[in-house]
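A.B. asks: Have a look at the structure that comes next, please.
The values are calculated or read from the model by the stated rules, or taken from the named source; none is laboratory data. Predicted model only: the values in this text are computed from it and were never measured. Cβ: placed from backbone, ideal geometry, glycine included. Neighbour counts: every protein chain shown. These accessible areas exclude ligands, DNA and RNA; they are computed on the full protein's heavy atoms, side chains included. Shrake-Rupley method; radii C 1.70, N 1.55, O 1.52, S 1.80 Å.
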Amino acid sequence: MFYIARAADLAQGPGKAQITKFGQSKYDKYHGADDGWSDLMAKAATATTPAGVAVTQYVPPTPAQQCADLQKQKKVEEMSFAEWQLCLSDGAPDAADKVWSTLKGKPLQMQAHIISIDTTGKATKLMLAGSEDDIEAKKADIDLTMAAAIPKKDMPKEDTDFQFQGTPTAYTPKPFTMTMDDGAMLVKAKPKPAPTHRKPAAQ
């Protein structure tokens, strides 16, 4: 890193900008951010060796750390389904307990992608994907049982988005699946017809 910065300082013409850009990209990738790059460039302008120069390597946070950071930034109710999934599957036990105690037994309204539909029972069951990763992988992460059978005329289609309300009752951390009961379809209200304006009666 130091010698790239040194080369950028010594370079002339168009090559100076190219080497600087190359050096900063390598620095950012290794360190994880550009903080400290300008200091390194300043040292390389006056020093000929990297004595006293230290560049720390970026270490990505673990899923448990990501969950802990999320809980500092957001309330559980404000998190996305993927963020709930992260905490419940990879968060520290106390973090997962906090998320689950907030969600369990409380009706949630959300949208997910339909993977499969089972109409053999008294109540319709749907396997849904709620996180983007699982939608792309076509892998279910929600097991939803509707409160009753969905009428044939209202039956949604597989591989489409589905807006619903469901109450979480259990979950499996890995592979992650959230079980929900008392499912209900959420249907957008139809727009009200425009009022009819009649001509005023002749006087």
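A.B. asks: If I ask for residues that are over 15 Å from Met180 (Cβ atoms) and open to solvent by less than 30 Å² (accessible area, probe 1.4 Å), which ones from region 79-98 would you list?
C.D. replies: Within region 79-98, Met79, Cys87, Ser89, Gly91, Ala95, Ala96 meet the criteria.
A.B. asks: Turning to a different aspect of this structure: Please find, within region 99-112, the residue that is farthest from the chain's Cα centre (by Cα) out of those that are surrounded by fewer than 14 Cβ atoms within 10 Å (Cβ to Cβ) and not in a helix (DSSP H, G or I).
C.D. replies: For region 99-112, the residue satisfying everything is Gly105.
A.B. asks: On to the next question. Of the residues that sit in region 57-72 and are surrounded by fewer than 16 Cβ atoms within 10 Å (Cβ to Cβ) and either within 23 Å of Pro107 (Cα to Cα) or hydroxyl-bearing (Ser, Thr, Tyr) (or both), which one is farthest from the chain's Cα centre (by Cα)?
C.D. replies: Selected residue: Tyr58.
A.B. asks: Related question: Determine if region 151-174 includes at least one residue that is out of contact with any strand residue (DSSP E or B) (no Cβ under 6 Å at 6 or more places or on another chain), open to solvent by less than 40 Å² (accessible area, probe 1.4 Å) and of a type outside the set (Lys, Arg).
C.D. replies: no
Here's the yes/no breakdown for (1) closer than 30 Å to Ala92 by Cα; (2) in a helix (DSSP H, G or I); (3) of a type in the set (A, V, I, L, M, F, W, C):
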position: Ala5; (1), (2), (3): no, yes, yes
position: Ile19; (1), (2), (3): no, yes, yes
position: Ala33; (1), (2), (3): yes, no, yes
position: Ser38; (1), (2), (3): no, yes, no
position: Met41; (1), (2), (3): no, yes, yes
position: Ala44; (1), (2), (3): no, yes, yes
position: Val53; (1), (2), (3): no, no, yes
position: Val59; (1), (2), (3): yes, no, yes
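A.B. asks: In this structure, does Thr20 turn out to be over 23 Å from Leu128 (Cα atoms), among the hydroxyl-bearing types (Ser, Thr, Tyr) and exposed (fewer than 14 other Cβ atoms within 10 Å of the Cβ)?
C.D. replies: The answer is no for Thr20.
A.B. asks: Quick check, is Thr102 over 23 Å from Asp143 (Cβ atoms) and among the polar types (S, T, N, Q)?
C.D. replies: Against the criterion (over 23 Å from Asp143 (Cβ atoms) and among the polar types (S, T, N, Q)), Thr102 does not qualify.
A.B. asks: Check Ser89, Ser38 and return the single one that is over 20 Å from the mean Cα position of the chain (by Cα) and small (Gly, Ala, Ser). Working first, answer last.
C.D. replies: Values: Ser89 fails: over 20 Å from the mean Cα position of the chain (by Cα).
Step by step, each of Ser89, Ser38 is checked, and only Ser38 is over 20 Å from the mean Cα position of the chain (by Cα) and small (Gly, Ala, Ser).
A.B. asks: List the pairs whose first member sits in region 146-173 and is within 17 Å of Gly105 (Cβ to Cβ), whose second member is modelled with pLDDT of 95 or more and assigned to a loop (DSSP other than H, G, I, E, B), and whose Cβ atoms are under 6 Å apart, counting only residues at least 6 apart or on separate chains?
C.D. replies: Short answer, once both residue conditions are applied: Gln165/Pro107; Thr167/Pro107; Pro168/Lys104.
A.B. asks: When you look at Asp181, is it open to solvent by 40 Å² or more (accessible area, probe 1.4 Å), closer than 18 Å to Lys104 by Cβ and at pLDDT 95 or above, yes or no? Break it down into steps so the answer makes sense when it comes.
C.D. replies: Details: open to solvent by 40 Å² or more (accessible area, probe 1.4 Å): yes; closer than 18 Å to Lys104 by Cβ: yes; at pLDDT 95 or above: yes.
Here the answer is yes, as Asp181 does meet what is asked.
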